[in-house]
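A quick write-up on the structure given underneath.
The values are calculated or read from the model by the stated rules, or taken from the named source; none is laboratory data. All of these numbers come straight from a predicted model, not from anything done at the bench. As a convention, Cβ positions derive from the backbone with ideal geometry for all residues, glycine included, and neighbour counts pool all protein chains shown. We work out accessible area using only protein heavy atoms, side chains counted, and drop any ligands, DNA or RNA first. Shrake-Rupley method; radii C 1.70, N 1.55, O 1.52, S 1.80 Å.
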Amino acid sequence: MDKLIAKLAGLGVPSLILVIAMGTTGLTGAAAITAGLAALGPFGIIGGIATLGVITLLSQGLAEYGFDTIFTALVREFFKRGETKDSIYTKINKYPVSKSLKRKLKEELEKL
C-alpha cells in the first residue's frame, strides 16, 4: 500500500506543474496543453514531455525514500566518483536544504 501511495504522489507533482504551466499561457484547451509543454522543455513540446518524465522519476524517488536518504546517497556517490571532501562540502553548503540536513550530510561525509 505504501508503494502505491508513493507512486500516486509521484505522478501528482508533474501534473500540477503542467497545470501551472498551462495556466500561465492564458490559453485554453489543446492550445494550453501545447503551449504549457513547450514552455516546460528546452526543445519545445518533446522537451516538455521529457522534463515531466524526469520530474516524475524524481518525485517518485522522493516520495518513496525521502530527501534525507536521497541526499545522503548523493554525497556517497560524489565521494565514490573521486570528488574531494572539500568540493563536496562546498556543494552541501549550496544546497537549498535545512541546516539540520546539511549537518547530517556533513556528518555522513566525515564517516567516509
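Within the chain, how many Lys pairs sit with Cα atoms under 18 Å apart, leaving out pairs fewer than 8 places apart on the same chain?
17
To test your reading of the geometry: what angle, between 0 and 90 degrees and rounded to tens, separates the Cα axis of helix 99-111 from the longest principal axis of the chain?
With rounding to tens, the tilt is 50 degrees.
Whole-Hz Karplus ³J(HN,Hα) for the stretch 46-58, in order, using 6.51 cos²θ - 1.76 cosθ + 1.60 and θ = phi - 60°, x for Gly and Pro?
With the stated coefficients, the stretch 46-58 comes to 4, x, x, 5, 5, 4, 5, x, 5, 4, 4, 4, 5 Hz.
Determine the sum of side-chain charges near Ile92: Lys and Arg each +1, Asp and Glu each -1, restricted to other residues whose C-beta is under 9 angstrom from that of Ile92. Write down the numbers at each step before the final one.
Working: positive: Lys91, Lys94, Lys102, Lys106; negative: none.
Taking every other residue near Ile92 into account, the sum is +4.
Let's test the formula: R0 of 41 Å, r as the Cβ-Cβ distance of Ser87 and Val19. What FRET efficiency results, to the nearest 0.05?
On the way: r = 38 Å, r/R0 = 0.94.
Approximately 0.60, to the nearest 0.05.
What is the helix-to-structure angle for 67-80, meaning the angle in degrees between its Cα long axis and the longest Cα principal axis of the chain, kept from 0 to 90 and rounded to the nearest 10?
With both axes taken from Cα atoms, the answer is about 60 degrees.
Among (1) 48, 33, 16; (2) 37, 31, 26; (3) 54, 35, 24, find the value of Cα extents along the principal axes in Å that was calculated from the structure presented, and write down its label.
Matching the structure shown: (3).
So what is the accessible area of the chain per residue, in Å², with the probe set to 1.4 Å? Kindly include the intermediate steps, with their values, before the conclusion.
Details: 7450 Å² over 112 residues.
For the chain, the solvent-accessible area averages 67 Å² per residue.
If each DSSP helix of 4+ residues adds -39,500 (n - 2.57) and the sum is divided by the residues in the chain, what number results at 222 nm, nearest 500 deg cm²/dmol? List each step's numbers first, then the result.
Values: 6 runs with 95 residues, N = 112.
Only helices count here, giving -28000 deg cm²/dmol.
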